[in-house]
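Scroll down for the structure; my scribbles are underneath it.
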Amino acid sequence: MLIFSVCNTCIGKADVKHVAKADVVCASASKILREEIGKKALLQLGVTIPVYVLTDKGKRLVLAYLAEFKDRLVIFRTGKLPYEVEGRGPQLKRT
């Protein structure tokens with residue numbers, strides 16, 4: 001069993017500790033999650049609406065999915081997460 005946390009745009013700072021228990025977290029438009037959860041991620045999918053993988057179980061699931069993915073991918077290594085690109089992404093909501 002894996003735990004997913006989705007639809008997190010309006011998450012509050014007090015909720016971050018609960019979200020951090022998930023295996024996979026969608027940051028939605030939450031600046032708090034990008035700052036607090038992003039730095040704990042083992043793996044990040046996407047930039048515009050990042051999905052953070054926080055556990056080895058979550059990482060195995062995502063890598064198994066990517067192994068079957070038919071489209072082309074760009075995968076690279078970075079020393080720091082979250083990986084962000086200026087000007088990419090939604091208007092972030094800070095609660």
Q) Rounded to the nearest 5, what % of the DSSP beta bridges within the chain are antiparallel ones? A) 65 percent
(Q) Taking 25 Å as R0, compute the FRET efficiency from the Cβ-Cβ separation of Val85 and Met1 and round it to 0.05. (A) 0.15
Q. Roughly how big is the chain's charge dipole about its Cα centre, with Cβ charges of +1 (Lys, Arg) and -1 (Asp, Glu), in debye to the nearest 20?
A. 180 debye
(Q) Taking the Kirkwood radius as the inverse of the mean 1/r across Cα pairs, report the Rg/Rh of the range 4-68. (A) 0.96
Q. To the nearest 500 deg cm²/dmol, what mean residue ellipticity at 222 nm is calculated for the chain from DSSP H runs of n ≥ 4 alone, each contributing -39,500 (n - 2.57), summed and divided by the residues?
A. -6500 deg cm²/dmol
(Q) What's the longest uninterrupted piece of the chain once you rule out the trypsin sites (Lys or Arg not before Pro) that are loop residues per DSSP with at most 12 other Cβ within 10 Å? (A) 22-69
Q) Where in the chain are there chymotrypsin sites (Phe, Trp or Tyr not before Pro) that are in a DSSP coil and have at most 11 other Cβ atoms within 10 angstrom of their Cβ? A) Phe69, Phe76
Q) Angle, helix 56-68 long axis vs. longest principal axis of the chain, Cα atoms, 0 to 90°, nearest 10? A) 50 degrees
Q. Roughly how many nanometres apart are two label points built 7 Å out from the Cα toward the Cβ at Lys39 and Arg60?
A. 3.0 nm
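Where a number appears in this text, it was derived from the coordinates with a stated rule and is not lab data. Predicted, not measured: the structure shown is a model, and the values here were computed from it. Cβ sites come from the backbone with ideal geometry, for glycine too, and all protein chains shown count toward neighbours.
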